[in-house]
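Asker: Dropping the structure in here first, questions after.
The values are calculated or read from the model by the stated rules, or taken from the named source; none is laboratory data. Note that this is a predicted model, so its numbers are computed, not measured. So basically every Cβ, Gly included, is an ideal-geometry build from the backbone, and we count neighbours across all protein chains shown. The area values use the complete protein model at the heavy-atom level, side chains included, leaving out ligands, DNA and RNA. Shrake-Rupley method; radii C 1.70, N 1.55, O 1.52, S 1.80 Å.
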Amino acid sequence: MQDAMNDFQGSAEEVRITIANADLSIARNDVESALTMLRNIGPNQPYFVEAREKMADIYLHHRKDKKLYASCYRYAYENGFYSLIMRNKIERV
């Protein structure tokens, strides 16, 4: 995984690899590590919405914290990503 991070450093794919790495951390029950990785994906980066959705899922299903779950969507909404969030939700239905 580290080789992939180095190879794609600075590209849009770097964020996708970070999200995949967060998935691996979740599989190892290292939720804190996954959240730390996802928190570092800012609104100016590609796949920001996907990172926030994954964070929300972690907060809801692993931490059972509805307030933090909602805060992920609130943060994305406040940063102008409402339409992307809704499009992602509709595409999954």
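Asker: Can you name every residue in the stretch 58-67 that is assigned to a helix (DSSP H, G or I) and touching a residue at least 12 places away in the same chain (Cβ under 8 Å)?
Answerer: Of everything in the stretch 58-67, those that are assigned to a helix (DSSP H, G or I) and touching a residue at least 12 places away in the same chain (Cβ under 8 Å) turn out to be ILE58, TYR59.
Asker: I'd like to verify a number: residues in the stretch 1-16 that are among the aliphatic types (A, V, I, L, M) and at pLDDT 65 or above, how many?
Answerer: Looking only at that region, the number is 2.
Asker: Inspect the stretch 36-56 for any residue being of a type outside the set (D, E, K, R), over 27 Å from SER11 (Cβ atoms) and outside any loop (DSSP other than H, G, I, E, B) and give the result as yes or no.
Answerer: The answer is no; no qualifying residue exists.
Asker: May I ask you to list the residues in the stretch 19-33 that are surrounded by fewer than 20 Cβ atoms within 10 Å (Cβ to Cβ) and part of a helix (DSSP H, G or I)?
Answerer: Initial filter on the stretch 19-33 (surrounded by fewer than 20 Cβ atoms within 10 Å (Cβ to Cβ)): 19-21, 23-33.
Selection gives ILE19, ALA20, ASN21, ASP23, LEU24, SER25, ILE26, ALA27, VAL31, GLU32, SER33.
Asker: Also, I was wondering about something else. Return the pair list, or none, for Cβ contacts closer than 6 Å from residues in the stretch 34-55 that are open to solvent by 30 Å² or more (accessible area, probe 1.4 Å) to residues that are hydroxyl-bearing (Ser, Thr, Tyr), at least 6 apart or on different chains.
Answerer: Close Cβ pairs (under 6 Å, with a partner that is hydroxyl-bearing (Ser, Thr, Tyr)) amount to MET37/THR18.
Asker: How many residues are among the hydrophobic types (A, V, I, L, M, F, W, C), part of a loop (DSSP other than H, G, I, E, B) and either at pLDDT 85 or above or over 15 Å from the mean Cα position of the chain (by Cα) (or both) if we restrict to the stretch 68-93? I'd like the intermediate steps shown before the answer.
Answerer: Pass one, the stretch 68-93, residues among the hydrophobic types (A, V, I, L, M, F, W, C): 68, 70, 72, 76, 81, 84-86, 90, 93.
If we keep only those that are part of a loop (DSSP other than H, G, I, E, B) as well, we get 81, 93.
Then keep just the ones that are either at pLDDT 85 or above or over 15 Å from the mean Cα position of the chain (by Cα) (or both); that gives 93.
Residues flagged as among the hydrophobic types (A, V, I, L, M, F, W, C), part of a loop (DSSP other than H, G, I, E, B) and either at pLDDT 85 or above or over 15 Å from the mean Cα position of the chain (by Cα) (or both) within the stretch 68-93 amount to 1.
Asker: Another question, if that's okay. Restricting attention to the stretch 56-84, report how many residues are of a type in the set (Gly, Ala, Ser), at negative phi and open to solvent by less than 70 Å² (accessible area, probe 1.4 Å).
Answerer: Final tally of qualifying residues: 4.
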